[in-house]
Amino acid sequence: MEPAGRGGKRCTALRPQRGLQGVSGFRRPPLLRKTGSALPPRPANPRVPEAQGAEVTGGRSDGRWVRGKMTTLVLDNGAYNAKIGYSHENVSVIPNCQFRSKTARLKTFTANQIDEIKDPSGLFYILPFQKGYLVNWDVQRQVWDYLFGKEMYQVDFLDTNIIITEPYFNFTSIQESMNEILFEEYQFQAVLRVNAGALSAHRYFRDNPSELCCIIVDSGYSFTHIVPYCRSKKKKEAIIRINVGGKLLTNHLKEIISYRQLHVMDETHVINQVKEDVCYVSQDFYRDMDIAKLKGEENTVMIDYVLPDFSTIKKGFCKPREEMVLSGKYKSGEQILRLANERFAVPEILFNPSDIGIQEMGIPEAIVYSIQNLPEEMQPHFFKNIVLTGGNSLFPGFRDRVYSEVRCLTPTDYDVSVVLPENPITYAWEGGKLISENDDFEDMVVTREDYEENGHSVCEEKFDI
C-alpha cells in the first residue's frame, strides 16, 4: 500500500522495468544485430571521414586532443532541450525535436533551425521522447545527425568519446538501441551512459568537497525526479518520480486560456513563452488568490501580455504596469492576454498535483518522504544539501517555496539548505564536463573494442542506470 501524503496525495516510487508496454509508439531502430542481419544500405556517411587521416573542416579539428586525451563530447539529452558541447568548450542549449510550421507544412525544421521559421504560430512539434522515454528513434537520429554534422559540432567520430544522459530505470530495449546507434552507426570510440542527476551530484560534490550526501531535485519536461546521492552513488530505494513537468504545465495553461479568453490549443510554442515570462511560484497561495480577485490598481497580480504577431512583434512581452488599461479596451491593434491567478495557479501544480486530479505528492513532501526512506543517521546530511535542477526551478519563488515547505515538514534540530545553481538547466552538463577531466574517466567508459567483443553485457555491467 502506498503511503498517503497531505490531502491524500501519494508518491510514485520507481521500480526497474524490463518491457515497453507502458510507452506508446516505441519502434526499435533497424540496426545491426549480433545475429548478422545488416542495416539497410545508407549513402556514404558524411559524419565519418572516409580515411583515418581525413581532416575535419570547420576550424574545430585543432581542439580534437585536449591535454594529451581524446576529446569528449558531453550531451545531456533532455526530452525538451539537448545540452551539448565539447568538454573543453562552452555548452549550447538546443531544442531536442523537429518542427513543422503552419505556413510550410512540407518542410521539417530540426533543433535550432526553429529560428529560420518566419511565422512560428501553430508550430507543430515532433518529439523523440514520449512520457520521458526515447521512443521515436527516427526523429532522434535526425536531431543527432544535425548536432554532430557540419552545421554544428563537426564530430570526428574516430577521435571522439561521448558522455550521454538517459532517464532513471531506462528500459533495457532503449538502452540496447542506444548502444547500437552510438557504437555501430556513429562509431564513437568510447561511451559513458549516465543519469543526468549523477552528473549534477558530481558537480555539487566537486563544489562542496566536505559534503558526502546530496539530494537532486530534477524538475524537467516530462517528470520531476527526486534522487538522493551518497558518495556519488544513487540510493535507488529512495528515488521518487512525480508525474508533473514543464509539458503538463504548458498544456494546462493552454487549456485555462482557451477556456477563459482565446483559443490557443495549437499555440504550444507561444504559450510556453508566456509561461516562462509571467508565471511565478506563490509563497502564500490563498493570499495571492484574494489579491487576484481585486479590481483595478489594487490587483497587483494582474498583468497584460502582448502576444506576438510575427510581423511587427516577433516575441511576446509584458506591458509595463503604467501602460496597462485597467478598464475598457486598448486602442492599438495589439492582441492582449490578461493574466491574473493563472500566473501562480499553474506552477502550483508542482506543489499540489491534486489541484488537477493527479493524486501524488508535491515536490516538498516528496523530498521529505524520500529522505525518510534512508537510514536515520544519514538524514541530516540530505536535508542540508537539497539541489534544484531542471527548467521548472527557474520559476521566480521556486527555491523559497521549496525551502519553506521542507522546513515546515522537517524536525527542528535538522538544518535545511536548498541550493539553486546559477544555471540549473546546464548544471548536469557541467558535471559531465568535470567527469571527462577525471583521471579515472577511462575506467568509467565502455570502449568500442569492449563493445564489439562483449556486446550489450559490458554496458549493463559498467553503467548504473
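Conditions tested, residue by residue: (1) at pLDDT below 90; (2) touching a His at 6+ places or on another chain (Cβ under 7 Å); (3) in a strand (DSSP E or B).
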{"position": "A79", "(1), (2), (3)": "no, no, no"}
{"position": "G85", "(1), (2), (3)": "no, no, yes"}
{"position": "V93", "(1), (2), (3)": "no, no, yes"}
{"position": "T103", "(1), (2), (3)": "yes, no, no"}
{"position": "L106", "(1), (2), (3)": "yes, no, no"}
{"position": "D115", "(1), (2), (3)": "yes, no, no"}
{"position": "D119", "(1), (2), (3)": "yes, no, no"}
{"position": "Q140", "(1), (2), (3)": "no, no, no"}
{"position": "V143", "(1), (2), (3)": "no, no, no"}
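Restricting attention to the stretch 450-465, the residues being at negative phi, touching a residue at least 24 places away in the same chain (Cβ under 8 Å) and open to solvent by less than 50 Å² (accessible area, probe 1.4 Å) number 5.
Which residues, taken from the stretch 396-407, are touching a residue at least 24 places away in the same chain (Cβ under 8 Å) and of a type outside the set (K, R)? Listed by number, the residues that qualify are P396, G397, F398, D400, V402, S404, E405, V406. In summary, strands (runs of 3 or more DSSP E) completely within the stretch 240-350 and bearing 2 or more residues that are touching a residue at least 40 places away in the same chain (Cβ under 8 Å) occur at 240-242, 336-339.
Within the stretch 194-216, one or more residues are of a type in the set (F, W, Y) and farther than 19 Å from N243 by Cβ.
All told, V278 meets the bar of being among the hydrophobic types (A, V, I, L, M, F, W, C), open to solvent by less than 20 Å² (accessible area, probe 1.4 Å) and closer than 20 Å to V325 by Cβ. Of the residues L388, L374, the single one that is touching a helix residue (DSSP H, G or I) at 6+ places or on another chain (Cβ under 8 Å), part of a loop (DSSP other than H, G, I, E, B) and touching a residue at least 60 places away in the same chain (Cβ under 8 Å) is L374.
Right, L374: under 29 Å from H263 (Cβ atoms), open to solvent by less than 20 Å² (accessible area, probe 1.4 Å) and hydrophobic (A, V, I, L, M, F, W, C) or not? Considered against the rule, which asks whether it is under 29 Å from H263 (Cβ atoms), open to solvent by less than 20 Å² (accessible area, probe 1.4 Å) and hydrophobic (A, V, I, L, M, F, W, C), L374 comes out as no. Screening G68 with (1) modelled with pLDDT of 90 or more; (2) of a type outside the set (A, V, I, L, M, F, W, C); (3) at positive phi gives one miss only, at (1).
If you go through the stretch 171-198 and keep only what is of a type in the set (S, T, N, Q) and open to solvent by 10 Å² or more (accessible area, probe 1.4 Å), you end up with T172, S173, Q175, Q187, Q189.
Could you list, in sequence order, all residues of the stretch 409-435 that are polar (S, T, N, Q) and over 14 Å from V91 (Cα atoms)? Break it down into steps so the answer makes sense when it comes.
The initial filter retains those residues of the stretch 409-435 that are polar (S, T, N, Q), namely 410, 412, 417, 423, 426.
Scanning the stretch 409-435 gives T410, T412, S417.
Taking first residues from the stretch 414-433 that are among the hydroxyl-bearing types (S, T, Y) and partners that are open to solvent by 40 Å² or more (accessible area, probe 1.4 Å), the Cβ contacts under 7 Å between residues at least 6 apart in sequence or on separate chains come to Y414/P380; S417/K384; T426/V91; T426/V93; Y427/R203. Scanning the stretch 431-449 for residues that are assigned to a helix (DSSP H, G or I) and open to solvent by 50 Å² or more (accessible area, probe 1.4 Å) turns up K433, E442, D443, M444, E449. Selection over the stretch 121-138 of residues that are farther than 18 Å from N251 by Cβ and either open to solvent by less than 10 Å² (accessible area, probe 1.4 Å) or in a loop (DSSP other than H, G, I, E, B) (or both) gives a count of 5.
Would it be correct to say that Y146 is touching a residue at least 24 places away in the same chain (Cβ under 8 Å) and over 18 Å from the mean Cα position of the chain (by Cα)? Taking the combined requirement at face value, the residue satisfies it. Listed conditions (1) in contact (Cβ under 8 Å) with a residue 40 or more places away in the chain; (2) more than 20 Å from P95 (Cα to Cα); (3) open to solvent by 20 Å² or more (accessible area, probe 1.4 Å); (4) polar (S, T, N, Q) are all met by S232, apart from (1). Restricting to the stretch 396-415, name every residue that is open to solvent by less than 20 Å² (accessible area, probe 1.4 Å) and of a type outside the set (S, T, N, Q). Matches in the stretch 396-415: F398, R401, V402, V406.
Of the residues in the stretch 391-415, how many are more than 15 Å from S219 (Cα to Cα) and not in a loop (DSSP other than H, G, I, E, B)?
So in the stretch 391-415, the residues more than 15 Å from S219 (Cα to Cα) come out as 400, 403-415.
With the extra rule that they be not in a loop (DSSP other than H, G, I, E, B), the set shrinks to 400, 403-409.
Counting residues in the stretch 391-415 that are more than 15 Å from S219 (Cα to Cα) and not in a loop (DSSP other than H, G, I, E, B) gives 8.
Looking across the stretch 281-316, the residues that are closer than 29 Å to V406 by Cα, under 28 Å from the mean Cα position of the chain (by Cα) and surrounded by fewer than 19 Cβ atoms within 10 Å (Cβ to Cβ) come down to Q283, D284, F285.
The values are calculated or read from the model by the stated rules, or taken from the named source; none is laboratory data. Nothing here was measured: the structure is a model prediction, and the numbers come from that model. Glycine also receives a Cβ, built like all others from the backbone with ideal geometry; neighbour counts cover every protein chain displayed. We work out accessible area using only protein heavy atoms, side chains counted, and drop any ligands, DNA or RNA first. Shrake-Rupley method; radii C 1.70, N 1.55, O 1.52, S 1.80 Å.
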